[in-house]
Amino acid sequence: MDAFYRNYLARQSHQIDDDTLERALESFEGASLKFSSDFISDARLRDNYNSNVKRVKAQVLSQVTAGNISVKEAAEFCYEARNKIMAETRKKTSVPGRAIAEKRKIVSPGLEKLLDEKAARKFGKTFVALNPEQKNAMYYEIVESSARPNAGFNTLNKVLKVSGKVLIVVTIVYATYEIANAENKKKEAIKQGITISGGVAGTALASLAVSAVCGPGAPFCAIGLMLAGGAASGWVASKLADSLDDEIEEFTQWQIN
């Protein structure tokens, strides 16, 4: 049992089944470390992911300590997070659903128009005029719209519901980005489908030349543009959701500028 976990237990005024919670936390953190080792090749991004996993772990413990959630609910949250992360880990060796479309210019006039319309609706600016925080909000909403079926949590605790969902959305981005990059390096065009939460990412995109737009080491931008190009999961038809504000604020914790 690490010192951080013992400190939380020491501050508790009520009895909890520490073995149950400890096992659940270890299972969650172990799956996260396995995922980051397999999928996040950039050391800075990997360290950021792992530190945020520890932050989510701390939130679980603090919610139990405050009496906002039971040990049973906290353990269920940890195992649910673990299972969702493991599902992304298994995609590395899974057979892709179908091939992605032919190679084309990444930010096509149609995609530029779509992004500008969405940016104008929420921020009153063109997409290129947005600041990094505003662009990140759009990237998150694009990816969230595709990840939504598999990213939600059963917990009623708002803090963990938000942090858990963002954890899985970020995990999906890293998994997709790593698979896409690996395939791109081999064949210069993505021949293998990238399954992302039951859909196919980037049906309008067959190359990771988005790096010319996003720059190196920018998975959220790259996958966001891929999904926008493929009109992911109804994002095109939907309004940019103010209801995601808490998630977008949490998402900023995962970003490295």
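The values are calculated or read from the model by the stated rules, or taken from the named source; none is laboratory data. Since the model is a prediction, treat every value here as computed from it, not as a measurement. Ideal geometry is used to build each Cβ from the backbone, glycine not excepted, and the neighbour counts take in all protein chains shown.
Observations
- Conditions (1) modelled with pLDDT under 85; (2) β-branched (V, I, T); (3) within 22 Å of A31 (Cβ to Cβ); number of the one not met by I100: (3)
- Listed by position, the helices (runs of 4 or more DSSP H) inside the stretch 149-257 whose residues that are touching a strand residue (DSSP E or B) at 6+ places or on another chain (Cβ under 7 Å) and at pLDDT 65 or above number at least 1 are 158-187.
- The set of residues in the stretch 31-71 being touching a helix residue (DSSP H, G or I) at 6+ places or on another chain (Cβ under 9 Å), more than 15 Å from I168 (Cα to Cα), part of a helix (DSSP H, G or I) and in contact (Cβ under 8 Å) with a residue 24 or more places away in the chain consists of D38, L45, A58, Q59, V60, L61, S62, Q63, V64, T65, V71.
- Any chance A10 is modelled with pLDDT of 90 or more, surrounded by fewer than 17 Cβ atoms within 10 Å (Cβ to Cβ) and of a type in the set (A, V, I, L, M): no
- Near pairs, Cβ below 7 angstrom, 6+ apart or cross-chain, from the stretch 76-90 (in the same structural domain as S32 (by TED's automatic domain parsing) and modelled with pLDDT of 90 or more) to any residue that is among the hydroxyl-bearing types (S, T, Y) and part of a helix (DSSP H, G or I): C78/S27; Y79/S27; R82/S27; I85/S32; I85/T171
- Hits in the stretch 23-39 - residues which are at pLDDT 90 or above and buried (at least 16 other Cβ atoms within 10 Å of the Cβ): A24, L25, E26, S27, F28, E29, A31, S32, F35, S36
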